[in-house]
Amino acid sequence: MIPLVDVNREHKFLEEEIKQALSRVVGKGDFILGEDVSLFEKEFSCYCETKFAVGVSSGTEALCLSLKALGIGKGDKVITAANTFIATALAVTFVGAAPVLIDADPLTYNIDPDKIRKFLCSRHSKNTRAIIPVHLYGHPADMKAILKIAQEYNLKIVEDACQAHGAYYESKRVGGFGAAGCFSFYPAKNLGALGDAGIVVTNKKSIARKICMFRNYGQIKKYHHLIKGSNNRLDTIQAAVLRVKLKYLDKNNQMRRSHAQLYSELLKDSGYILPVEKSDCAHVYHLYVVRVRKRRQLQDYLSQQGISTGIHYPIPIHLSKAYVSLGYKRGDFPITEELSAQIVSLPMFPYLKREEIEQIADCLRRF
Ligand SMILES: *Cc1c(COP(=O)(O)O)cnc(C)c1O
């Protein structure tokens, strides 16, 4: 069986280094906000070319705390992609604000800036405070257009970079374009922990400071509670593992990029709609997603041939039961709806083998 994602292959290769990092933390015993957390924060902010980074407990919390740090809450609206993982919208909801969904660009599948403008010109746009662009599948959103809109309408930007660790937009890493950039270290992401973890990067000291307080009961100094915070910290154990894995992130992303290139070569002119990479971006292929009309049959066929596939995502947010309350209906986001019916994610992870990709491409062509 060729899996959709296999983190074990990478971990086998890093086993010794990871074990050493773990036993170092166990030896020291600084499990909560220990030395590896601050070291990882320094290393990751450096990697993202931002001034600050604050480790938190997940990507979802990174988004929530970023919005909170910007003072966004009840009565506010936040624009985000209709075509994203539901956690993006849930973060908006959990700070008390209302998500406004915007349909995708049919080429990159990311939020369409023209449709953001259209919303902002409508009478529903009152109290809109921020935009959360999502760099879906590892392809950066159209940041130039989004930054321009944000400036014109005085909106904050919080990037959802949970699928795009290390991706470039023009010559700059994603995460540092707006007020805050949010990353998830869920195990299957391009940079994954051994459990849940996340981080916020920012160039603003005041935002970093607020998130530091929010994640730790509202304190900077022990028992001096300046605001009402919660417990959303990054574990020292996870930070220690992430420090090991960060060293290999660029190499791993490069492997993903060459896998994607090989897939695209082998599947050229085969009738499938393949992923695009815009010339001003460096895609990091968290997922390699193709489009096909007979998706169900294709998935069954591949599965019979021992090839796992996925769908990211089968039910758009606006058609999810959880978001009936937003009042959207089928037909509101035609691109997102069409994508959700046609997309298939093929196996993609750094240690996927060339022969496996060839086998998968063969099967796709045969189908
Ligand atoms: C994974 C992901 C999240 C949520 O991250 P968690 O660490 O699972 O909370 C948010 N947005 C996107 C686009 C993601 O892919």
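Derivation of every value follows stated rules applied to the coordinates shown; laboratory data play no part. Here the structure is a predicted model, which is why all the values come from computation and not from measurement. Here the Cβ is made from the backbone with ideal geometry for all residues, glycine too, and neighbour counts use every protein chain on show.
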### Query
Under a straight-distance cross-link criterion of Cα-Cα below 18 Å, which aspartates and glutamates are reachable from residue 321, leaving out those fewer than 8 residues away in the same chain?
332, 337
### Message
Using the basic label-point model (7 angstrom from Cα toward the beta carbon), what is the residue 170 to residue 269 distance in nanometres?
### Response
3.7 nm
### Query
For residue 198, which sequence-distant residues (separation of 5 or more, or a different chain) have an amide H within less than 5 Å of its own amide H, given hydrogens modelled in the peptide plane?
56, 57, 58, 185
### Query
If you place +1 on the Cβ of every Lys and Arg and -1 on the Cβ of every Asp and Glu, how big does the dipole about the Cα centre of the chain come out, in debye to the nearest 20?
1140 debye
### Task
Taking the dipole about the Cα centre of the stretch 209-367, with the C-beta of Lys and Arg at +1 and of Asp and Glu at -1, give me whichever of 287, 319, 306 is farthest to the positive side.
319
### Query
Once whole DSSP H runs in the chain are found, which of them have Cα atoms spread over 27 Å or more along the helix axis and a mean Kyte-Doolittle score of at least 1.0?
none
### Task
Could you tell me what fraction of 2.2 N^0.38 Å the Cα radius of gyration of the stretch 255-304 comes to, as a two-decimal ratio?
1.26
### Summary
Mean separation of Cα contacts under 8 Å (at least 6 apart) over the residue count of the chain, i.e. the relative contact order in percent, is 22 percent
### Message
Longer than 28 Å from Cα to Cα, which of 118/144; 68/222; 144/268; 172/294; 247/353; 205/228 are they? Say none if no pair is.
### Response
144/268; 172/294
#### Entry: Charge dipole (debye, nearest 20) of the stretch 58-201; +1 at Cβ of Lys and Arg, -1 at Cβ of Asp and Glu
440 debye
### Task
Give me the orientation-averaged projected area of the Cα convex hull of the stretch 108-239, in nm², one decimal.
9.6 nm²
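What does the charge add up to near residue 163, with Lys and Arg as +1, Asp and Glu as -1, over the other residues with Cβ less than 13 Å from its Cβ?
Computed value for this residue: 0.
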### Query
Shape call for the chain from the C-alpha gyration tensor, a ≥ b ≥ c root eigenvalues: rounded (a/c under 1.5), prolate (a/b greater than b/c) or oblate?
oblate
### Message
Students often check this: by mean Cβ neighbours within 10 Å, which of 178-191, 22-35, 196-209 ranks highest, and how do the rest follow?
### Response
178-191, 196-209, 22-35
### Query
Okay, helix-only estimate at 222 nm for the chain: each DSSP H run of n ≥ 4 adds -39500 (n - 2.57), divide by all residues, round to 500 deg cm²/dmol; what do you get?
-12500 deg cm²/dmol
#### Entry: Among 343, 258, 183 the positive-end extreme of the charge dipole of the chain (Cβ point charges)
183
### Query
Ranked from highest to lowest mean number of other Cβ atoms within 10 Å per residue, what is the order of the peptides 276-288, 292-304, 111-123, 77-89?
77-89, 276-288, 111-123, 292-304
### Task
Estimate the FRET efficiency between residue 148 and residue 26 by the formula 1/(1 + (r/R0)^6), using the beta-carbon distance for r and 41 Å for R0, to the nearest 0.05.
0.25
### Task
Give, rounded to the nearest 20 debye, the magnitude of the charge dipole that the stretch 1-66 has about its Cα centre when Lys and Arg contribute +1 at Cβ and Asp and Glu contribute -1 at Cβ.
60 debye
### Query
For residue 95, which sequence-distant residues (separation of 5 or more, or a different chain) have an amide H within less than 5 Å of its own amide H, given hydrogens modelled in the peptide plane?
none
